[in-house]
1. Six or more apart or on different chains, Cβ atoms under 9 Å: show the pairs whose first residue is in the range 20-37 and among the aromatic types (Phe, Trp, Tyr) and whose second is surrounded by 11 or more Cβ atoms within 10 Å (Cβ to Cβ).
2. Could you please give the count of residues in the range 1-48 that are of a type in the set (Lys, Arg) and under 22 Å from Glu64 (Cβ atoms)?
3. Which one of these is surrounded by 15 or more Cβ atoms within 10 Å (Cβ to Cβ) and without any contact (Cβ under 8 Å) to a residue 40 or more places away in the chain: Leu16, Leu45, Leu55?
4. Output the residues belonging to the range 19-42 that are loosely packed, with under 13 Cβ neighbours inside 10 Å and β-branched (Val, Ile, Thr).
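We did not get these values from a lab; they are worked out from the coordinates using the rules stated. Nothing here was measured: the structure is a model prediction, and the numbers come from that model. Quick reminder, even Gly has a Cβ in these numbers, built from the backbone with ideal geometry, and neighbours come from all protein chains shown.
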Amino acid sequence: MRKNTKIYSEKTVKELEKDLIKLREEIAKLRLSFKSNPAKDTNVLAKKRKQLAVLLTVLSQKKEV
């Protein structure tokens, strides 16, 4: 997750918001695909959710400053 934190900390607020929307769409698609067709790697959804949490944390830190 440190790698993601570094990547996100270098981006601007607008870029982070675009990534946020894209990541939420990916999570929604994964949820739908898991309902109909379980994937081999079931940890993908958890990884995406953790990535979303890191993104939201960095975004809130940037908005405070």
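1. Sorted first by the residue in the range 20-37, then by its partner, the pairs are Phe34/Val44; Phe34/Leu45.
2. 6
3. One residue alone meets the criteria, Leu45.
4. Ile21, Thr42
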